[in-house]
Every structure is written in structure tokens, then in C-alpha cells.
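Trainee: Structure in C-alpha cells, see below.
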Amino acid sequence: MTDHLWSFSTESGHLAGTDLTGWRVEASDGHIGKVDKHSDEVDDSYLVVDTGVWIFGKEVLIPARAVTRVDLEEQTLHLALSKEQVKDSPEFVSDKHLADRHYREEIGQYYRTSWPFPGGMGGF
């Protein structure tokens, strides 16, 4: 079964092939940073968000399914996650974790259990 956590929702307005690098990222309760890297590969889509000084320069890996809306005009991505959920996500080190299957499973488990909707992400 495909893990839709790592795919953009069709309702988000994401257009495959769009370079999201540098775009603003907004949590449900405010600005959290800018996209440092991203992937829109089928079943392996994600954002690496540089949170800057907000959480002391921490980068976070966010599954594509967390994107609820892509604003092409404002170059902004809106997430279905709160600042707190992003802040509490497992530590991310790009060189170490980006291709690490075990880490990806850990991230998936974190977001499935902390998702803001009843029942978590398990149904996606």
C-alpha cells in the first residue's frame, strides 16, 4: 500500500515541477521558515524547511501531505501543522537523514500520531 504521507494532496494546488526553494512556509498558527530543499517525486515528496532563528536554525523534514495550500502568487506553502508540532518534530540533519529509511519511518510515525485531525494520518 502506498504511504500517502509522502505525496502532495491533489487539493493543495501543488504543481509538479514547481521549484519551491526559498518559498515561505506557514504553519496553521504562523510563519515557520523557508523551503531549503524539496522533492515532488511520486511517493517520496517532502519539504526541508529552514526555520532560521525561530527554533535556533533547526531544519525540519515535513512530509508533502502536510501541505494544505500552495499560494503560487505569494510563493507560500500553508501547512496543516502547528508551530509546536513542527518544533517538536525529530531532529533533522540533511546529510545524515535525507536518505535514511529508518529516519523516514520515525518521521512518518511522528506525523501520523501528532496530526491535527481526528484519527491522525493513518487513513491517508
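Trainee: Taking the conditions exactly as written (in contact with a Lys or Arg (Cβ under 6 Å, 6 or more places away or on another chain) and not aromatic (Phe, Trp, Tyr)), does residue 5 satisfy them or not?
Mentor: Values: in contact with a Lys or Arg (Cβ under 6 Å, 6 or more places away or on another chain): yes; not aromatic (Phe, Trp, Tyr): yes.
Yes.
Trainee: Filter segment 72-101 down to the residues that are closer than 18 Å to residue 24 by Cβ, touching an Asp or Glu at 6+ places or on another chain (Cβ under 9 Å) and of a type outside the set (A, V, I, L, M) and list them by number.
Mentor: Scanning segment 72-101 gives 76, 78, 82, 83.
Trainee: Among the hydrophobic types (A, V, I, L, M, F, W, C) and crowded, with 19+ Cβ neighbours inside 10 Å, is that true of residue 27? Reasoning before the result, please.
Mentor: Numbers: among the hydrophobic types (A, V, I, L, M, F, W, C): yes; crowded, with 19+ Cβ neighbours inside 10 Å: yes.
Yes, satisfied.
Trainee: Being among the charged types (D, E, K, R), out of contact with any strand residue (DSSP E or B) (no Cβ under 6 Å at 6 or more places or on another chain), more than 13 Å from residue 79 (Cβ to Cβ) and in a loop (DSSP other than H, G, I, E, B): is that true of residue 40 here? Reasoning before the result, please.
Mentor: On the way: among the charged types (D, E, K, R): yes; out of contact with any strand residue (DSSP E or B) (no Cβ under 6 Å at 6 or more places or on another chain): yes; more than 13 Å from residue 79 (Cβ to Cβ): yes; in a loop (DSSP other than H, G, I, E, B): no.
No, not satisfied.
Trainee: Name every residue in segment 110-124 that is at pLDDT 65 or above and loosely packed, with under 14 Cβ neighbours inside 10 Å, in order of residue number. Give the derivation first.
Mentor: We begin by selecting, within segment 110-124, every residue at pLDDT 65 or above; these are 110-115.
Of everything in segment 110-124, just one residue is at pLDDT 65 or above and loosely packed, with under 14 Cβ neighbours inside 10 Å, namely 113.
Trainee: Sort out which residues of segment 44-57 are in a loop (DSSP other than H, G, I, E, B) and either in contact with a His (Cβ under 8 Å, 6 or more places away or on another chain) or surrounded by 18 or more Cβ atoms within 10 Å (Cβ to Cβ) (or both), and write them in order of number.
Mentor: Here is the first cut: in segment 44-57, the ones in a loop (DSSP other than H, G, I, E, B) are 51, 56-57.
Correct list: 51 only.
The values are calculated or read from the model by the stated rules, or taken from the named source; none is laboratory data. This is a predicted model, so every value here is computed, not measured. Counting neighbours? That spans all protein chains shown, and the Cβs are built from the backbone with ideal geometry, glycine included.
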